[in-house]
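Student: Questions regarding the structure given below will be posed in turn.
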Amino acid sequence: MSRSPSIPDRPHRDIDSDLPDDERLEALRGHYEDLVDVNEQLSDQLDDAEDRRERLREKVDRVERENETLKSSSLYIATVEDVLDNEEVIVKQHGNNQEVLTEVSSRAVDDLEPGDRVAVNDSFAIQTILDAETDARAQSMEITEKPAVAYTDIGGIDEQVREVREAVEQPLAEPELFDEVGIDPPSGVLLYGPPGTGKTMLAKAVANETDATFIKMAGSELVRKFIGEGSRLVRDLFEMARERQPAIIFIDEIDAIATRRTESKTSGDAEVQRTMMQLLSEMDGFEARGEVRIIAATNRFDMLDRAILRPGRFDRLIEVPEPDAEGREQILEIHTRNMNIADGVDFAALAGDTDGYSGAEIESLATEAGMFAIRNDRDEVSHQDFVDALEKIEEDDSSDVVSSAGYFYQ
Ligand SMILES: Nc1ncnc2c1ncn2[C@@H]1O[C@H](COP(=O)(O)OP(=O)(O)OP(=O)(O)O)[C@@H](O)[C@H]1O
């Protein structure tokens, strides 16, 4: 706090009454000038004090108003859509989907990100950012405005890319085609196949190509991490997609919530069952020609409850298999695009040596080969680096088997 300025001393002069008249007059004039000086200083100080009082009064008014608003009104929940440069954000109120541009303080703007849930008052001023704990929804969903995956980043599954484009991209990009012909596009697309073959990539690539928001939820997390909240979160997932449409909902590991019904009736099973029923009812009430498309993925097709495969639900099944030799070569080329590759690296031969490798494993092979080059002080990756990397991966894999077997038999 600034200290008040000190009050100037009252000017004082002893004027000798015996002085000749002209000298006394001179002394009195000097005294008068001192008085005028002090008067000016005091009047400046008074102006300053009045300014300060005005500023304080404004501050008190503002705090009182904020206090009143907080006391008197309920707050509404909204989602931050966009944070602009000039301390403004766009929020969308839940329920009526009204989009509003609102100002925030420079302090608060740094804490806000698109996708955050906030509480706003009647005039849409943001009062609180709902933290992650209040907001399991934010934690359970991964929302990406524009995923950085293109179709050209996906190798070896051209046929699957074509099918997904037809079932997901076309209804979003050219809905009139379906209107004209008078058919509904597939409601949901189920990608199934071994881990690491590009299912998530495919879903992200369609979102990217169609400028749709990508909203991912992992089935396994719904049943393990957000126990008791599964069905609410599924409802939120669809609501979020409608708010942000065009959107692609991607439910990974759908088998975790859509397993075949077992005989056991534990409370955990009942909870999973409720989550699945919510998913089915969301899908049944869904506008097939709308701007939200649903993709799910599983590595355990055999375990799925057939109820989710009925027409109007996941009615387009696309198998994403492990890549064949040609596919592996393409994937190797994709993952070495930004690497400094020496002449003489034979991708076709490497593809032949990696039978049974998934796309994800081929990506690790490329990274491992790069590590060999670095270890040997080279900035170019040679064919031998790939061969060494392959050997290391196979060794690591076989020691994994030994250790897991050891653990199993303990
Ligand atoms: N067909 C592919 N082409 C290029 N890269 C691939 C391919 N498949 C997998 N990858 C690489 O592996 C990573 C993991 O792939 P992705 O997450 O799409 O697999 P997934 O099939 O969804 O696996 P999971 O079933 O384990 O979720 C990708 O980020 C990518 O780098």
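The values are calculated or read from the model by the stated rules, or taken from the named source; none is laboratory data. These numbers come from a predicted model, not from an experiment. Cβ placement follows ideal geometry from the backbone for every residue including glycine, while neighbour counts extend to all protein chains displayed. Heavy atoms of the whole protein, side chains included, go into the accessibility calculation; ligands, DNA and RNA do not. Shrake-Rupley method; radii C 1.70, N 1.55, O 1.52, S 1.80 Å.
Student: Tally the residues that are in a loop (DSSP other than H, G, I, E, B) and charged (D, E, K, R), restricting the search to segment 201-235.
Tutor: 3
Student: Still on this structure: Being open to solvent by 90 Å² or more (accessible area, probe 1.4 Å) and under 35 Å from the mean Cα position of the chain (by Cα) is the filter here; which residues of segment 369-378 pass it?
Tutor: 374
Student: Please go through segment 28-77 and pick out each residue that is among the hydroxyl-bearing types (Ser, Thr, Tyr) and at pLDDT below 90.
Tutor: Across segment 28-77, the qualifying residues are 69, 72, 73, 74, 76.
Student: Here's a check for you: in segment 321-330, which residue that is more than 15 Å from residue 386 (Cα to Cα) and among the acidic types (Asp, Glu) is nearest to the ligand (Cβ to nearest atom)?
Tutor: Per the criteria, the residue is 322.
Student: Suppose we filter 93, 45 for residues that are closer than 14 Å to residue 126 by Cβ, open to solvent by less than 80 Å² (accessible area, probe 1.4 Å) and not aliphatic (A, V, I, L, M); which single one remains?
Tutor: 93 is the lone residue from the list that is closer than 14 Å to residue 126 by Cβ, open to solvent by less than 80 Å² (accessible area, probe 1.4 Å) and not aliphatic (A, V, I, L, M).
Student: Need the failing condition index for residue 302 against (1) open to solvent by 50 Å² or more (accessible area, probe 1.4 Å); (2) within 16 Å of the ligand (Cβ to nearest atom); (3) touching a helix residue (DSSP H, G or I) at 6+ places or on another chain (Cβ under 8 Å), just the number.
Tutor: All conditions are met except number (3).
Student: Give the residue, chosen from 186, 194, 114, 175, that is more than 24 Å from the chain's Cα centre (by Cα) and under 29 Å from residue 91 (Cβ atoms).
Tutor: Going through 186, 194, 114, 175 in turn, the sole match is 175.
Student: If you don't mind, there's one more thing I want to ask. Checking the structure you have, find out if any residue of segment 314-332 is more than 13 Å from residue 199 (Cα to Cα), without any contact (Cβ under 8 Å) to a residue 24 or more places away in the chain and assigned by TED's automatic domain parsing to the domain that holds residue 217.
Tutor: The answer is no; no qualifying residue exists.
Student: If I ask for residues that are outside any strand (DSSP E or B) and under 22 Å from residue 166 (Cβ atoms), which ones from segment 284-297 would you list?
Tutor: 286, 287, 288, 289, 290, 291
Matching residues to (1) in contact with a Pro (Cβ under 9 Å, 6 or more places away or on another chain); (2) charged (D, E, K, R); (3) within 21 Å of residue 323 (Cβ to Cβ):
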residue: 351; (1), (2), (3): yes, no, yes
residue: 367; (1), (2), (3): no, no, yes
residue: 372; (1), (2), (3): no, no, no
residue: 386; (1), (2), (3): no, no, yes
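Student: Oh, and also: Mind listing just one residue for me: the one in segment 331-368 that is of a type in the set (Asp, Glu) and more than 13 Å from the ligand (Cβ to nearest atom) and, of those, most open to solvent (accessible area, probe 1.4 Å)?
Tutor: Ranking the qualifying residues of segment 331-368, first place goes to 343.
Student: Where in segment 91-136 are the strands (runs of 3 or more DSSP E), entirely inside, with at least 1 residues that are of a type in the set (Gly, Ala, Ser) and at pLDDT 85 or above?
Tutor: none
Student: Looking only at residues in segment 221-241 that are small (Gly, Ala, Ser) and open to solvent by 10 Å² or more (accessible area, probe 1.4 Å), which one is farthest from the ligand (Cβ to nearest atom)?
Tutor: 228
Student: To continue, here is another question. Which count do you get for residues in segment 5-36 that are open to solvent by 100 Å² or more (accessible area, probe 1.4 Å), of a type outside the set (Val, Ile, Thr) and under 21 Å from residue 47 (Cβ atoms)?
Tutor: The total comes to 2.
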